[in-house]
C-alpha cells in the first residue's frame, strides 16, 4: 500500500480541475477524485486489518522514508496506524459529501473546488505524516484555502470571520512552531544531529524540564485548531460564515487536525509534561464543554447552534486526551470521528434548508417536515446523534470517554467527568428545541409550500454520512479494534512516564 | 595569466561587455525602436545569466584583493537572475521611456559594483564596489524625470547612502588603525573583543544597517521606495539588499568571528526592533510600494535571525531565503509595476475587486504575498522555517517566540491585500490589463520559483554544498 497516493490523487484532481472547461466537468472531476480517494481509504482499511491479522505488531504500517532536506535531517516519512486510518476514512467521507453538497456552486466554481481539494490534501498529508516538519507543513497548507473559501463564498460578515479564523489558526501554528523547535533542538540522535522524526523522537527521553517548557506551546497550538477554551472564538464566526461545504470541512476535518496533533505530537512525545499538566487540560476542556453547551442554548441561528455545540463536543476530545487512560484516549479518537461525521451532516442539512428558505433563524422556520421530509429527517438524525442517542455514533464515543475518564480515581477528575456528563442534558435541550421549532409545528411562511425536497446529490451526501454514523453507532467494535493498537503505544509511553 | 584574468573575472567582464554594447548603441547613428531594443537587451541578460553557470574558475587576483569561489559565483548568479527578472518586469514602464539605454547602463554599473563588493578580500575594493553600487542607484531612483516624488526619493537615497558610507568609512579607518591592514584575512586574527573594537564594529554595523534598512536606520526606505519607479524599487529591495547581505555575512563570519558574543547580542536587538517596527508600520500603509517597503524591512529582521545562527546551516538558510525572497518579491513588484505603468494606480484601495478583472495577475500577487507571509505550499514557508530554525539553534527561545508571534502580525497585513483583491466589492475596479509577453514570462518564472523551490530540496542542498564555514 503506497500511502503517497493519498497525496497524489488530490493533487492530480486539483490540477485536472484547473484544466476543466465548465461546472459540469469540474464537479465530475472533483467527485471522481473524491470517490477514488474513498475507495483507496477503504482499501487501506482492508490492508491494515490484513497486516494486523498476519501478526504485524509494529506501531506504524506501510512506512516509507525519503530524505528530503538532508542537511537539516528532514525527511518525508509517512506511515499509518489505526488512529490515522480512522481520520483518513473520516476525511474521505466528508470530502465526498462536501463535493456533492456544493454540486450547484455557480460562482467561481473552478476556484471553489480547487480550494476544497487543496484543503483535503492538507488533511491527508497531515494524517499520514510521521515527521513533525511535514505534519506542520500540511497543517498550514490548509490555512489559505480556509481563508479564501470563507472570504469569497461565505455569507454574513464573511471578511471578518475569514480574517479572524486565519489569524487565530496562524497563532496556533506559531505556538506549534515554537513547540516543535523545542522538541527538535532537544532531540539527540547520537550523531550530533537533531530530528523531527516522530518515531525516533518517541524513543528518546526528552528531559522533564524541557517537556514542561514546550508542552504548553504544542498543546495549546494544536488546541486552537480544535477550539480549546479560551481560544475557541474563531469557531462560531468561521463556521457560520463559511459556505456549506467549507463548514463541513472545517468542523469535520480541520478541527480534527488539532485533536490529532494534541494526541500525536504533544501527548505522545512529551508524556511527563502531559501528566503534569493533565489537570489544566481537564479544567479547560470541562469549561469548554459546559460553556459551549450553555452558549448554544442562547443561539438563534442554526449554524451558530452547531458551531457552539462543536466547541462543546470538541471539549470531549480534549477531555479524553487529558484523562490519559487508554479508554479515554480511545474515546477521544472515536469522538473525533463521530463529531466529524455528525457535524458535517448537521451542516449539510442546515445548508440544504438555507439554500431553500434563505434563512437560518430558528424563529423564522417551522413545519419543515411537511414540506421537505427527507431534509428534515436528516436534520433530526444529526441532532439525535449530537445529543448522544444510543444507536448513533455520538453515544458510543461519549460513553467511551466517560468510562475512560471515570477510570481515573482522582476526586477532582471524577467531578469533571460528572460535570461533563451533565452537560448532555443541556445538549438535549438545545437540540430538541431547535429541531422541534424548525421541523415540527405549523408552517410559518406560506412561500415555503413551493419548496422542493432534497435532490439526488444531497440525498447521496446525507446518506453517506448517515451510513457512517450508523456504522460507528451500531457496530463500534470495528472502530475500537482499529484505534486500540494505536492508543496502546501512546499509553505505554505515558505509563513509563508515570512510573518514573 | 591573461586567461586567468579572463576566467576569474568572468562575471564582471560579461557585465562590462554588455555595458559597452549598450554604449555603442547609444552613440551609434541608427535609431532603434524601444521594443526591439528591450528584447535585445533581455536576450543579452539571459546569455549573461546562463554564462554565469558555465566554466567558473575560483581564484584570487591582485594579491588577494579580489577573491572568487563557488559560493561567490553562486551569489553572483542569484543577482544575475534577479536583474534579468527585473529587466523583464520593467518592460511596460521602459517601453515608452526616452532614456531606456541609460537605465540599463546605470543598473548594470551598480551590478558591477556589487560583484566587486561581493568578491572583495580587501576593504578598499569593498568600499569601491559599494560606492559604485550606490551612486548610480540615486540616478536610477530619479528616473521618472518629470515626477517630483522621484527626485525627492533620489535626494533621500543619495544623502542617506553618503551618510552611511561616511560612518562605514570611519569604521574602516579605525579598523585600519587598529590592525594595520586592509585585508580581511589579516584583520580577522588581529581582532579581539575590547572597547575600541566594539566601537569599530558598531560603526561598521551601522553602515551596513543603513544599506539593508535595519531599524533604526530604516527611515529613508519607505520614502525612497514610494518615490522611485517600481522596477528601481524592486531592484533596491531585492538586488541591492541581497548583495549587501552577502558581503555582510562574510564580514560577520570571517572578519569579526572573534567578536561573536558581542555581535550576536547586537544582531538580536536589531532584529527584534526591525521585525516589530517593520510589521507595525506595514499594517498602516495604503500605498502598495510603501507597504512592500515595510514588509521588506520586517523580512530583513527575519534574515538577521537566520544570520545569527552563524553556522553552515545559518549561512545556507539565509542565501536560500534570499532566493525565495527574490522570486516572491519580484512577482509582487511585477504585478504592481504593470498596474502602475498602465493605470498609474498604486494604492491598496485601488486593488479592490482586482480579481474580477484580472484573475491571472491576482493569483500571481496573492501567491507572492502568501510566500512573503511564509504560508505553505509556497516556498516562503520553507525559507522562513529554515531561517528561524537556524536562529533557534542557539537556544534563544525568546527570539523564536517573538518571531513566531510576529508572523501572525505579518500574516494579517498580507491577508489584508488578499482580501482587497478577492473579497472586497468595488464599482470601478482596475480594468483588465493585457500582460505583455516579457513581464508575463517574468511572472511565470517567479511563480514557478515561488511554488517549487520549497519542494525541491536540492536547491537548498546545492546552496548548502557551497557554504564553507
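The values are calculated or read from the model by the stated rules, or taken from the named source; none is laboratory data. Since this is a predicted model, take the numbers as computed values, not measurements. Heads up, the Cβs are rebuilt from the backbone with ideal geometry, glycines too, and the neighbour counts pull from every protein chain shown.
What the table shows:
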item	result
Boolean, residue A:134 is assigned to a helix (DSSP H, G or I), touching a residue at least 40 places away in the same chain (Cβ under 8 Å) and surrounded by fewer than 24 Cβ atoms within 10 Å (Cβ to Cβ)	yes
Residue list for the stretch B:143-168, restricted to those being in contact (Cβ under 8 Å) with a residue 40 or more places away in the chain and assigned to a loop (DSSP other than H, G, I, E, B)	B:143, B:144, B:145, B:147
Restricting the stretch A:70-98 to residues that are assigned to a strand (DSSP E or B) and in contact (Cβ under 8 Å) with a residue 60 or more places away in the chain, the residue that is farthest from the other protein chains (Cβ to nearest Cβ)	A:80
Residue list for the stretch A:45-65, filter: in contact with a strand residue (DSSP E or B) (Cβ under 7 Å, 6 or more places away or on another chain), in a helix (DSSP H, G or I) and in contact (Cβ under 8 Å) with a residue 24 or more places away in the chain	A:48
Looking only at the stretch A:140-158, and only at residues there that are more than 9 Å from chain B (Cβ to nearest Cβ) and part of a helix (DSSP H, G or I), the one that is nearest to residue A:76 (Cα to Cα)	A:145
Failed item in (1) away from every other protein chain (no Cβ under 14 Å); (2) touching a helix residue (DSSP H, G or I) at 6+ places or on another chain (Cβ under 8 Å); (3) surrounded by 14 or more Cβ atoms within 10 Å (Cβ to Cβ), with residue A:64 passing the rest	(2)
Search result, residues across the stretch A:449-468 that are in a helix (DSSP H, G or I) and surrounded by fewer than 19 Cβ atoms within 10 Å (Cβ to Cβ)	A:449, A:450, A:456, A:457, A:459, A:460, A:463, A:467
Test: residue B:79 is surrounded by 15 or more Cβ atoms within 10 Å (Cβ to Cβ), in contact (Cβ under 8 Å) with a residue 60 or more places away in the chain and under 24 Å from residue B:231 (Cβ atoms)	yes
Filter pass, residue B:412 being within 21 Å of residue B:294 (Cα to Cα), facing chain A (nearest Cβ under 9 Å) and surrounded by fewer than 21 Cβ atoms within 10 Å (Cβ to Cβ)	yes
Matching option when the condition is surrounded by fewer than 14 Cβ atoms within 10 Å (Cβ to Cβ) and touching a helix residue (DSSP H, G or I) at 6+ places or on another chain (Cβ under 7 Å), among B:43, B:53, B:20	B:53
Contacts under 8 angstrom Cβ, first residue in the stretch B:383-396 being at the interface with chain A (Cβ under 7 Å from one of its Cβ atoms) and closer than 22 Å to residue B:261 by Cβ, partner surrounded by fewer than 23 Cβ atoms within 10 Å (Cβ to Cβ) and modelled with pLDDT under 85, 6 or more apart	B:393/B:311
Elements of type helices (runs of 4 or more DSSP H) in the stretch B:1-108, at least 3 residues being more than 20 Å from residue B:331 (Cα to Cα)	B:2-8, B:10-27, B:34-51, B:70-89
Output for the stretch A:184-219, where each listed residue is touching a strand residue (DSSP E or B) at 6+ places or on another chain (Cβ under 9 Å), under 18 Å from residue B:395 (Cβ atoms) and touching a residue at least 40 places away in the same chain (Cβ under 8 Å)	A:189, A:195, A:196
Qualifying residue in the stretch A:112-119 (condition: at pLDDT 90 or above and at the interface with chain B (Cβ under 10 Å from one of its Cβ atoms))	yes
Residue B:118 on the phi < 0 side of the Ramachandran plot, at pLDDT 90 or above, surrounded by 23 or more Cβ atoms within 10 Å (Cβ to Cβ) and out of contact with any strand residue (DSSP E or B) (no Cβ under 7 Å at 6 or more places or on another chain)	yes
Unique residue being surrounded by 24 or more Cβ atoms within 10 Å (Cβ to Cβ) and either within 11 Å of chain A (Cβ to nearest Cβ) or under 21 Å from residue B:90 (Cβ atoms) (or both) when the list is B:341, B:368	B:368
Matching residues, the stretch A:159-186, being more than 7 Å from every other protein chain (Cβ to nearest Cβ) and farther than 21 Å from residue A:220 by Cβ	A:160, A:161, A:162
Selection from the stretch B:418-450 of residues that are assigned to a helix (DSSP H, G or I), touching a residue at least 12 places away in the same chain (Cβ under 8 Å) and within 12 Å of another protein chain (Cβ to nearest Cβ)	B:418, B:420, B:421, B:422
Enumeration of residues in the stretch B:457-469 that are within 13 Å of chain A (Cβ to nearest Cβ), outside any helix (DSSP H, G or I) and exposed (fewer than 14 other Cβ atoms within 10 Å of the Cβ)	B:469
Exclusive hit being assigned to a helix (DSSP H, G or I), over 24 Å from residue B:87 (Cβ atoms) and out of contact with any helix residue (DSSP H, G or I) (no Cβ under 7 Å at 6 or more places or on another chain), set B:294, B:265, B:302	B:265
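Conditions (1) over 21 Å from residue A:81 (Cα atoms); (2) in contact (Cβ under 8 Å) with a residue 12 or more places away in the chain; (3) within 23 Å of the chain's Cα centre (by Cα), marked per residue:
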position	(1), (2), (3)
A:1	no, yes, no
A:15	yes, no, no
A:19	yes, no, no
A:27	yes, yes, no
A:38	no, yes, yes
